[in-house]
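The values are calculated or read from the model by the stated rules, or taken from the named source; none is laboratory data. None of these values were measured; they are calculated from a predicted model. Please note: Cβ atoms are built from the backbone with ideal geometry, for glycine as well, and neighbour counts cover all protein chains shown.
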Amino acid sequence: MQALGYLSIVAGFLGGSYAAVVRQEGVPVASYVAALAARIVGVALVRTVLRRAARHEATLAANIGSLERSLADVVTRAAALARAKREVDVYDLRQRIDEEFARPLDDFVQAREALAHSYGLQAYADVMNPFAAGERYLNRVWSTSTDGYIDEAHIYIDKAHEQFDAALRAFRDLTARGAPGRPAATRHLARPESLERSPGSTSFWGR
């Protein structure tokens, strides 16, 4: 659309110039008005594209900010759970997961495609692989809590924390380096394969 806008501006300019000199006396009004209209349409198209691009950039920036906030929140909650795991009844772990992790995990997943748009598919994988592993381990904590397997639950709590922390470090490394661009091929991404999910557990993939 932007190219069409610039083409209309050029065509209008050339058409107006031609209309102004084609006759020795007077200017063909219809031709001149048509050229002027083409320029106006071209300017409108270009401005529309630029406004959309600005809104897209603002949305990406907002989503990147949301990604860091939500992932940092997940890491903080996972670290707190790891520290308090021996003080929490194993059967209460699943409720704590549902209450404390659902919102930040969902916020992160909803904004995750901004990673690929801003940094590319490899960067997306570098962050999402440990994040997915962390969520999978958290789901296993939920399952072992249901069955009362306290030792396994404690092991998976630590593993979930490690993976979420790795995802946050990978994300911050990306933002520190800056975005290399936004490949067009990342516009429509295939979503990662759904993670294992136990009945009633918190899992956000596949949305």
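Observations, loosely collected:
- Hey, Leu81 within 16 Å of the chain's Cα centre (by Cα) and modelled with pLDDT of 95 or more or not: no
- Residue among Tyr124, Tyr137, Tyr156 that alone is part of a helix (DSSP H, G or I), at pLDDT below 95 and aromatic (Phe, Trp, Tyr): Tyr124
- Conditions (1) at pLDDT below 95; (2) surrounded by 18 or more Cβ atoms within 10 Å (Cβ to Cβ): number failed by Leu168: (1)
- Residue in the range 176-184 that is in the same structural domain as Leu81 (by TED's automatic domain parsing), out of contact with any Lys or Arg (no Cβ under 6 Å at 6 or more places or on another chain), at pLDDT 90 or above and not in a loop (DSSP other than H, G, I, E, B) present: no
- Checking each residue in the range 143-158 for being under 15 Å from Arg77 (Cα atoms) and in contact (Cβ under 8 Å) with a residue 24 or more places away in the chain picks out His154, Ile157, Asp158.
- Those residues of the range 77-108 which are among the β-branched types (Val, Ile, Thr) and either surrounded by 21 or more Cβ atoms within 10 Å (Cβ to Cβ) or touching a Pro at 6+ places or on another chain (Cβ under 9 Å) (or both), in sequence order: Ile97
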